[in-house]
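**Student:** To start, I am sharing the structure in question, which I have written as structure tokens.
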Amino acid sequence: NRLVLVLERRPKKPVLKCTVTMESQVDQAISTSNYNALSRIFTTSWQSLGQGEQRTLSAYFIKASLASPTFLPAAFQSASAISAMRTALGHLPPSVENASDNKLRHMLFDYLVEEEDYRAAGNILAGMNMEANDPQSVYYTPDAERTDVYVKIAECFLNEEDYVEAETFVTRAGTSVESIPDPENHVALILRFKSTYARVLDANRKFLQAAGRYYDLSQANANANANSNANPSATGDGASDSEMMVDDDDLLEFLGRAATCAILAGSSSQRQRILGLVFKDDRLPQLDSIPHFKTHSSIVTKMYMNQIIVRDDDLVTFIDSLGDHQRALMSDGLTIDQRALIEHNMVAVSRLYTSIYFTDLGELLGVSSARAEKIACKLIMDGNLIGGTVDEVDGVLNFDANEPELVSWDGAITSFCTQLNKITDAVRHHY
């Protein structure tokens, strides 16, 4: 006897029919603006579909949303509709016709920015599909457009004080901005990138680099004039010089930020160079008229002239003007502004004394003698307290009165370059 096994064939799911039915439901929901129905489709109803069918339905929903003359942007007012859009955007095939998903992301981004939901706006735009190398792709995005997208995302995360994500996207923008084939036609975009990059450096407490970036931005009009004179056809899009100019108030704001970051940067020859540029800028006294910069010129002058800075009203006003990230408590127990002030005063002391006891130095700096010794050792090891030596037996900090030739030479070169820039600017403006 043979055992005969009869295998019962189960009927296959009518997936195609189910997908078509759901597409009809999507059309109905869009035409009637039934946002709750859309939410049900993309939460519970489509669980019966496979991944491929979910992607197909998601692409269909996005294309239908854009094709409807009444659905968008009214649907953005509904949390249920936005939830359905986000779900669909997260379940797409590799390519959507006419890059409809990118178009929806742009529209949703604009709405979320208006609502000041910057984190959600940044995340929506961060999901864009952008192809850089294949001009035939529906997702091909020129370098200038990619730069604009990355800068927008970085700006959103900056507003949310998410500096790590902001740095990630401004770094991507830095890669694409260098590839723009006609930068003279994208001056405004490039300035936005530079401003965002400077803000990210500032937020991440890279004050020396931020100071240099801010100062360059404060010279934007002078640089534009120089480029225009060197290449009269630079504004190939027909924009006039006045249209390309940055407002003077904005330039002064950048100069003030450059001063702030230069003051907070650690003591070094590079910081002294930036301080020199700011100190010798003819616009520095104008900062006194801006409430949050009104004592910056005084502090910059004292620092550049290597004068000891005491805790007076000017210093208190300066500290009060700082942002939270600029007054953060560091691992050594000092705030950023305290450490910058102590390091500066340490260098200033080296210009006044040939030697000083650490007890006296600590009293002068407002710290303990042990901390004064520790800070002095760090500055010496970093090469920022030139000629300094520590006598641990007697508790004395000695200074070499003779300035090294290289330091003097570096200062002379900096001064010469600064004066040369002023002369060339004067000649350019005159002629």
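**Student:** It is to be established whether one or more residues within segment 184-193 are in contact (Cβ under 8 Å) with a residue 12 or more places away in the chain, basic (Lys, Arg), open to solvent by 60 Å² or more (accessible area, probe 1.4 Å) and under 24 Å from residue 114 (Cα atoms).
**Tutor:** Scanning segment 184-193 turns up at least one residue that is in contact (Cβ under 8 Å) with a residue 12 or more places away in the chain, basic (Lys, Arg), open to solvent by 60 Å² or more (accessible area, probe 1.4 Å) and under 24 Å from residue 114 (Cα atoms).
**Student:** Which ones in segment 208-219 are aromatic (Phe, Trp, Tyr) and open to solvent by less than 10 Å² (accessible area, probe 1.4 Å)?
**Tutor:** 214
**Student:** Residue 364 is checked against (1) among the hydrophobic types (A, V, I, L, M, F, W, C); (2) part of a helix (DSSP H, G or I); (3) in contact with a helix residue (DSSP H, G or I) (Cβ under 9 Å, 6 or more places away or on another chain); (4) open to solvent by less than 70 Å² (accessible area, probe 1.4 Å) and fails just one. What number does that condition carry?
**Tutor:** Against the list (1) among the hydrophobic types (A, V, I, L, M, F, W, C); (2) part of a helix (DSSP H, G or I); (3) in contact with a helix residue (DSSP H, G or I) (Cβ under 9 Å, 6 or more places away or on another chain); (4) open to solvent by less than 70 Å² (accessible area, probe 1.4 Å), residue 364 comes up short only on (4).
**Student:** Name the pairs whose Cβ atoms lie under 6 Å apart, with the first residue in segment 138-152 and outside any strand (DSSP E or B), the second among the hydroxyl-bearing types (Ser, Thr, Tyr) and open to solvent by 40 Å² or more (accessible area, probe 1.4 Å), and 6 or more positions between them or separate chains?
**Tutor:** What qualifies is 143/179.
**Student:** Also: Give 326, 307, 272, 338 a once-over and let me know the one that is of a type in the set (S, T, N, Q), within 16 Å of residue 208 (Cβ to Cβ) and open to solvent by 50 Å² or more (accessible area, probe 1.4 Å).
**Tutor:** From the options 326, 307, 272, 338, the qualifying one is 272.
**Student:** Against the condition open to solvent by 50 Å² or more (accessible area, probe 1.4 Å), within 15 Å of residue 396 (Cα to Cα) and of a type outside the set (Ser, Thr, Tyr), how does residue 351 come out, does it pass?
**Tutor:** Criteria not met by residue 351.
**Student:** Go through (1) surrounded by fewer than 16 Cβ atoms within 10 Å (Cβ to Cβ); (2) touching a strand residue (DSSP E or B) at 6+ places or on another chain (Cβ under 7 Å); (3) at pLDDT below 90 and name the single condition residue 406 misses.
**Tutor:** With (1) surrounded by fewer than 16 Cβ atoms within 10 Å (Cβ to Cβ); (2) touching a strand residue (DSSP E or B) at 6+ places or on another chain (Cβ under 7 Å); (3) at pLDDT below 90 applied to residue 406, the lone miss is (2).
**Student:** Those residues that are open to solvent by 40 Å² or more (accessible area, probe 1.4 Å) and closer than 18 Å to residue 284 by Cα, I need them from segment 310-323; list them, please.
**Tutor:** 314, 317, 321
**Student:** Name the helices (runs of 4 or more DSSP H) wholly inside segment 76-131 in which the number of residues that are under 21 Å from the mean Cα position of the chain (by Cα) is 3 or more.
**Tutor:** By residue number, 100-114, 118-126.
The values are calculated or read from the model by the stated rules, or taken from the named source; none is laboratory data. All of these numbers come straight from a predicted model, not from anything done at the bench. For neighbour counting, all protein chains shown are included, and Cβ atoms are generated from backbone atoms with ideal geometry for every residue, glycine included. Surface areas here come from the heavy atoms of the whole protein model, side chains and all, with no ligands, DNA or RNA. Shrake-Rupley method; radii C 1.70, N 1.55, O 1.52, S 1.80 Å.
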